[in-house]
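J.: My questions all concern the structure below.
The values are calculated or read from the model by the stated rules, or taken from the named source; none is laboratory data. Keep in mind that this is a model prediction, so the values were computed, not measured. All Cβ positions, glycine included, derive from the backbone under ideal geometry; neighbour counts span all protein chains shown.
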Amino acid sequence: MAQDHYDVIVIGSGPGGGSLTARLAKTGKRILLLERGDYLPRSQANWDAKTVFVDGAYQAKETWYGGDGRAFSPALHYYVGGNSKVYGSALLRMRERDFEAVRHVDGISPAWPVSYAEFEPYYAEAERLFAVHGERGEDPTEPWSSGPYAHPPVSHEPRIQKLSEDWAREGLQPFHLPLGIKLEERNGKPTPTSTCIRCDAFDGFPCLLNGKADAQVMTVDPTLAAHSNVTLLVNATVTTLETDPAGKTVTAVNVTREGRDERYSADIVVVACGALSSALLLLRSANAAHPNGLANGSDQVGRNYMRHNMSVLMALSKEANDTVFQKTLALSDFYFASRDWEYPMGLIQMCAKTQPDQIRGEEFPEWTGFLPNAPFEMVARHSMDFWLQSEDLPHPDNRVSLGRDGRVILDIEQNNREAHDRLRAKLSDLLEPGGAYTYLFERSLYLGKNIPISGTAHQSGTLRFGADPAASVLDLTCKAHQLDNLYVTDASFFPSIGAVNPTLTIVANALRVAAHLEERLG
């Protein structure tokens, strides 16, 4: 017998779980939110580059294995708010064409089974929920919208403004990067009452002041404060889901908490653990009715994993770059094509300013020849830093699975790399009028030592949704085809990933699923 029964159980408090919970809380239904971690401890170490990037103090201490058998530590963060506690807070809508089939040099990015028009009202709601600051009409590839941003764009500091103007003179259309941030500005400076102070520890860091619009700050905490019908349990690891003998209904959620085994049940169970962990939970929940893993009749659970082709690049500027809050500028001119190449390349955006401790921790032998005597502080002061991401294509053999001994195996064969290499070359060419060297150093410590395997920041695609139960795990409402009360609201539902950061789409979809559940729950 389950310990306690709820109307809804939500597993995971990141953007997908937190956003769905925030909307459903208004129905008055009893909701249990389960989080395997605790609140991320607030301390000055939150703003220390060595602690965050070199030591990886906030990353999960787990060992997974690649398809080649080599061990690695995944860049996962188990806290209230999930991985959003350390995300960069770039919140962009997928392009309208991203919902359609798009031809790439390495193949076709498949169409979504629903249109952008269905997502648009939930994108608007998500932007309000996460306090997105931006400016409509600047981004040449942005999709249509039903209204303006609720908050103005985050202003550029002088060096970034100059780069934007340099690129505009080259005929490009740079734009203010949409950011989820609790910032109030006056004349480019934070107001005395602004939560965010525009410091250099925003992108990739936990925010000590709660000025970043993460899932804890924007969804979980306000919901708990306003709605007594919502209960949060922390340090509650869901181990398996049980079903009735026919395998049609989830009847129990098994939890390990503070050394004890507990069981809960609900009319509706929502899995939102992150694309990798959600797939693993379903695989671990195999039973007689679902011998290959829960909801895995299609053999698609864990498959079609995507995470973007990503690079974090540092250019050395000929002049000092004293920018503090650097992540305000983006460029999408090469998102779908360019004059010299017919295929999509991706998105260029600024990222956090390199700090000396990050440089100390890097493993770049070429630096010793290029800058043999340069102090780390000087290199950091002259750095200009960019995040590049291109679409990787879904492939059934790119997958997370469980070995016979229970070990986690993440098998990835990279694809569509030519698009990313060309995007990097474009950036190199564009930096010449901006006063920077064209040589770009790869920064590994933002995402982990090996971005392709351990860089899981943009994990998606392991439980794709679709109309055909033989080729997908979830239906169009993100309910499992094979179960009548199991839903998923993290990025695992993505059939393709586009080349923008996935978080806003995760939030919008969670709100879309919540709207469906409001009707179902009555």
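J.: Do we find that Leu33 is surrounded by 16 or more Cβ atoms within 10 Å (Cβ to Cβ), of a type in the set (A, V, I, L, M) and in contact with a Lys or Arg (Cβ under 6 Å, 6 or more places away or on another chain) in this structure?
T.: No; evaluated as a whole, the condition is false for this residue.
J.: Kindly provide the set of residues from the stretch 58-70 that are under 22 Å from Asp357 (Cβ atoms) and surrounded by 11 or more Cβ atoms within 10 Å (Cβ to Cβ), ordered by number.
T.: Within the stretch 58-70, Tyr58, Gln59, Ala60 qualify.
J.: Taking the stretch 361-401, which residues are over 19 Å from Cys351 (Cβ atoms), among the small types (Gly, Ala, Ser) and at pLDDT 80 or above?
T.: Answer for the stretch 361-401, where residues must be over 19 Å from Cys351 (Cβ atoms), among the small types (Gly, Ala, Ser) and at pLDDT 80 or above: just Ser401.
J.: Counting only residues that are closer than 21 Å to Asp4 by Cα and not aliphatic (A, V, I, L, M), which one in the stretch 265-292 is surrounded by the most Cβ atoms within 10 Å (Cβ to Cβ)?
T.: The residue in question is Ser285.
J.: So, Arg464, is that one modelled with pLDDT under 95, of a type in the set (Lys, Arg) and under 21 Å from the mean Cα position of the chain (by Cα) or not?
T.: no
J.: I'd like to know if the stretch 110-123 contains one or more residues that are of a type in the set (Asp, Glu), surrounded by fewer than 16 Cβ atoms within 10 Å (Cβ to Cβ) and closer than 20 Å to Thr141 by Cα.
T.: yes
J.: Please go through the stretch 463-493 and give me each residue that is over 21 Å from Val253 (Cβ atoms) and either among the basic types (Lys, Arg) or in contact with a Lys or Arg (Cβ under 7 Å, 6 or more places away or on another chain) (or both), ordered by number.
T.: Passing the criteria: Arg464, Ser472.
J.: Looking at the stretch 81-101, which of its residues are in contact with an Asp or Glu (Cβ under 8 Å, 6 or more places away or on another chain) and surrounded by fewer than 24 Cβ atoms within 10 Å (Cβ to Cβ)?
T.: Arg95 - this is the single residue of the stretch 81-101 that is in contact with an Asp or Glu (Cβ under 8 Å, 6 or more places away or on another chain) and surrounded by fewer than 24 Cβ atoms within 10 Å (Cβ to Cβ).
J.: Then there's this: Output yes when any residue across the stretch 44-57 is at pLDDT below 95, among the charged types (D, E, K, R) and surrounded by fewer than 16 Cβ atoms within 10 Å (Cβ to Cβ), and no when none is.
T.: Among the residues of the stretch 44-57, at least one is at pLDDT below 95, among the charged types (D, E, K, R) and surrounded by fewer than 16 Cβ atoms within 10 Å (Cβ to Cβ), which makes the answer yes.
J.: While we're on this one: Out of the residues in the stretch 453-504 that are assigned to a helix (DSSP H, G or I) and in contact (Cβ under 8 Å) with a residue 60 or more places away in the chain, which is farthest from Gly293 (Cα to Cα)?
T.: It comes out as Leu504.
J.: Just for the stretch 80-131: of the residues that are among the aromatic types (Phe, Trp, Tyr) and under 15 Å from the mean Cα position of the chain (by Cα), which one is farthest from Leu504 (Cα to Cα)?
T.: Looking at the filtered set, the residue picked out is Tyr87.
J.: If you don't mind, another one. Please list, ordered by first then second residue, the pairs with beta carbon atoms under 7 Å, 6 or more apart or interchain, first in the stretch 3-20 and on the phi > 0 side of the Ramachandran plot, second aromatic (Phe, Trp, Tyr) and at pLDDT 95 or above.
T.: Once the first residue is on the phi > 0 side of the Ramachandran plot and sits in the stretch 3-20, no partner that is aromatic (Phe, Trp, Tyr) and at pLDDT 95 or above comes close enough.
J.: Let me ask something else. Looking at the stretch 414-452, which of the residues that are part of a loop (DSSP other than H, G, I, E, B) and either among the aromatic types (Phe, Trp, Tyr) or over 26 Å from Ser84 (Cα atoms) (or both) is modelled with the lowest pLDDT?
T.: Taking the candidates together, the pick is Tyr446.
One line per residue, one yes/no per condition, for (1) aromatic (Phe, Trp, Tyr); (2) farther than 30 Å from Asp429 by Cα; (3) crowded, with 23+ Cβ neighbours inside 10 Å; (4) without any contact (Cβ under 8 Å) to a residue 60 or more places away in the chain:
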{"position": "Glu125", "(1), (2), (3), (4)": "no, yes, no, no"}
{"position": "Ser145", "(1), (2), (3), (4)": "no, yes, no, yes"}
{"position": "Tyr149", "(1), (2), (3), (4)": "yes, yes, no, yes"}
{"position": "His156", "(1), (2), (3), (4)": "no, no, no, no"}
{"position": "Gln161", "(1), (2), (3), (4)": "no, no, no, yes"}
{"position": "Leu172", "(1), (2), (3), (4)": "no, no, no, no"}
{"position": "Ile181", "(1), (2), (3), (4)": "no, yes, yes, no"}
{"position": "Thr195", "(1), (2), (3), (4)": "no, yes, no, yes"}
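J.: Still on this model: What number of residues in the stretch 46-69 are more than 24 Å from Val80 (Cβ to Cβ) and among the small types (Gly, Ala, Ser)?
T.: 3
J.: Just one of Gly211, Gly188 is closer than 21 Å to Pro152 by Cα and either surrounded by fewer than 16 Cβ atoms within 10 Å (Cβ to Cβ) or of a type in the set (A, V, I, L, M, F, W, C) (or both); which is it?
T.: Gly188
J.: Shifting gears a bit: Looking at the stretch 130-153, which of its residues are under 22 Å from Ala22 (Cα atoms), in contact with a Leu (Cβ under 9 Å, 6 or more places away or on another chain) and part of a loop (DSSP other than H, G, I, E, B)?
T.: Phe130, Ala131 - these are the residues of the stretch 130-153 that are under 22 Å from Ala22 (Cα atoms), in contact with a Leu (Cβ under 9 Å, 6 or more places away or on another chain) and part of a loop (DSSP other than H, G, I, E, B).
J.: Quick check on the stretch 473-503: of everything there that is touching a strand residue (DSSP E or B) at 6+ places or on another chain (Cβ under 6 Å) and of a type in the set (Gly, Ala, Ser), which residue is surrounded by the most Cβ atoms within 10 Å (Cβ to Cβ)?
T.: Across the stretch 473-503, the extreme among qualifying residues is Ala499.
J.: To continue, here is another question. For the stretch 161-178, which residues satisfy the criterion of being of a type in the set (A, V, I, L, M) and at pLDDT 95 or above?
T.: Ala168, Leu172, Leu177
Rundown of residues vs (1) of a type in the set (S, T, N, Q); (2) more than 14 Å from Leu329 (Cα to Cα); (3) part of a loop (DSSP other than H, G, I, E, B), yes/no style:
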| residue | (1), (2), (3) |
| --- | --- |
| Ser155 | yes, no, yes |
| Leu172 | no, no, yes |
| Ile197 | no, yes, yes |
| Leu209 | no, yes, yes |
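J.: Further question on the same structure: Only one of (1) at pLDDT 95 or above; (2) more than 19 Å from the chain's Cα centre (by Cα); (3) under 23 Å from Ala499 (Cβ atoms); (4) surrounded by fewer than 24 Cβ atoms within 10 Å (Cβ to Cβ) fails for Arg303. Which number is that?
T.: Of everything listed in (1) at pLDDT 95 or above; (2) more than 19 Å from the chain's Cα centre (by Cα); (3) under 23 Å from Ala499 (Cβ atoms); (4) surrounded by fewer than 24 Cβ atoms within 10 Å (Cβ to Cβ), Arg303 misses just condition (2).
J.: I'm trying to understand the selection: among the residues of the stretch 42-84, which are assigned to a loop (DSSP other than H, G, I, E, B) and more than 23 Å from Ser13 (Cα to Cα)?
T.: Asp48, Asp55, Gly67, Asp68, Gly69, Arg70
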